[in-house]
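J.: Submitted below is the structure of interest, expressed as structure tokens.
Where a number appears in this text, it was derived from the coordinates with a stated rule and is not lab data. None of these values were measured; they are calculated from a predicted model. Here the Cβ positions follow ideal geometry from the backbone for every residue, glycine too, while neighbour counts run over all protein chains shown.
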């Protein structure tokens, strides 16, 4: 029997398309622009699809009263609306005062709000059908396998300039390879993502899924191999924040998967073994240049005037000073990645997403944003015993929450669309709807 094509089914496919393609966002936009130009426009392909899905979501809400009552009755939805309104008001004030350009404001609002809009749109889509709940694992792992294999090849056998053949250029779009403190002997791979740090943050999600699947009888060998390759890719990214984030995520998965007695013994044994190994490595390799570059992103023989560690510390201190002197915030686009488009105003990159939000929306905006994160985490926690996706997302959330303390991870297309899209799928619950197939 031929299936009827409905708006709900098309919306499911639209969400699936974004989830499957967004890990290749950097590669697709760079390679596409090398063929047809318009790099900036091509970067917005996922945001255009978000607008389409938002339009469909508004149509559903307008037609379906039970769905509308459920949606706006949610405290989480109301907090997101409040955060959005505050961002728009502060943006309008900043624009009127001349503190932000139109381009910086638009880009700042996009980066700060799109993942929340995507979350709500996917949440509504998943309310209409359970297809995404059944398909999410394939949508995540099949692209992930391609990403991690390419990352390992990039780190081991491919020439450092390989991506240059596809239009990568450090001066116009994305560098074909990253290095530690500009030392070509110590590379950091980004695979098909927009950088090494985004790759590391993405792999926190991937390894959380694989960690929850390790030990299961189905496809055990394949999952184990993919897990090993993903760990190698994570190491090759050189993202120390992602390394720690992955460990935190693995700890959460283990916490809920292992029986209490075994868990306590493993934690004690693992912690002791880790301390001994790290101490031994520190003693043996304390003067080893490779280890110093890998762990500390600096070395005794480094000729770089300012290391990445010093730059990061300075950026955070500058951001903290800003939020002390301007507790109400300066408006979206005045800080973070969007601030590089802010005309004659200097860019303010705090290298800490929470500090950035406080710089832009003040203490009120930061409190609203943190409340949104806490509520999402609480709702995931409430169903981890019955939903593997919720366990995976809660574990990766803990890891990514740490990563955002050292970078602007939520501003990256891949992580923003992937994690928050999966969160929308996980938290969707069927409601009595007048037209479920509309």
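J.: List the pair-distance distribution P(r) of segment 130-242, using every Cα-Cα distance, as the percent of pairs falling in each 5 Å bin from 0 up to the bin containing the longest distance, rounded to whole percents.
T.: Reading the bins upward from 0: 2, 12, 21, 22, 17, 12, 7, 5, 2, 0.
J.: Now a separate question. Could you give the nm distance between label points at residue 347 and residue 65, where each point is 7 Å from its Cα heading toward the beta carbon?
T.: 5.2 nm
J.: Further question on the same structure: With 10 angstrom as the radius, rank 412, 322, 69, 171 by how many other C-beta atoms surround their C-beta, starting from the fewest. Could the numbers behind the result be given before it?
T.: Details: 412 25, 322 21, 69 11, 171 5.
Least to most surrounded, the residues fall as 171, 69, 322, 412.
J.: Starting from the exponent 0.38 and prefactor 2.2 Å, build the expected Rg for segment 307-432 from its residue count and divide its actual Cα Rg by it.
T.: It is 1.19.
J.: Something else now. Over segment 78-227, what is the relative contact order in percent, taking alpha-carbon pairs closer than 8 angstrom and at least six residues apart? The partial results should precede the final answer.
T.: Details: 81 pairs, mean separation 19.0, N = 150.
Reported relative contact order: 13 percent.
J.: Another question about this same structure. Taking the alpha-carbon set of segment 331-386, what are its Rg and Dmax in Å?
T.: 15.1, 53
J.: Further, regarding this structure: Modelled label-to-label distance, residue 39 and residue 149, 7 Å Cα→beta-carbon offset: nm?
T.: 2.9 nm
J.: If I take all pairs of Cα atoms in segment 1-52, what percentage of them are more than 16 Å from each other? Display every interim value, and only then the final one.
T.: On the way: 659 of 1326 pairs.
Above the 16 Å cut-off, segment 1-52 has 50 percent of its Cα pairs.
J.: Another question, then. Taking the Cα centroid of segment 170-193 and of segment 147-162, what is the distance between the two, rounded to the nearest whole Å?
T.: Result: 12 Å between the Cα centres.
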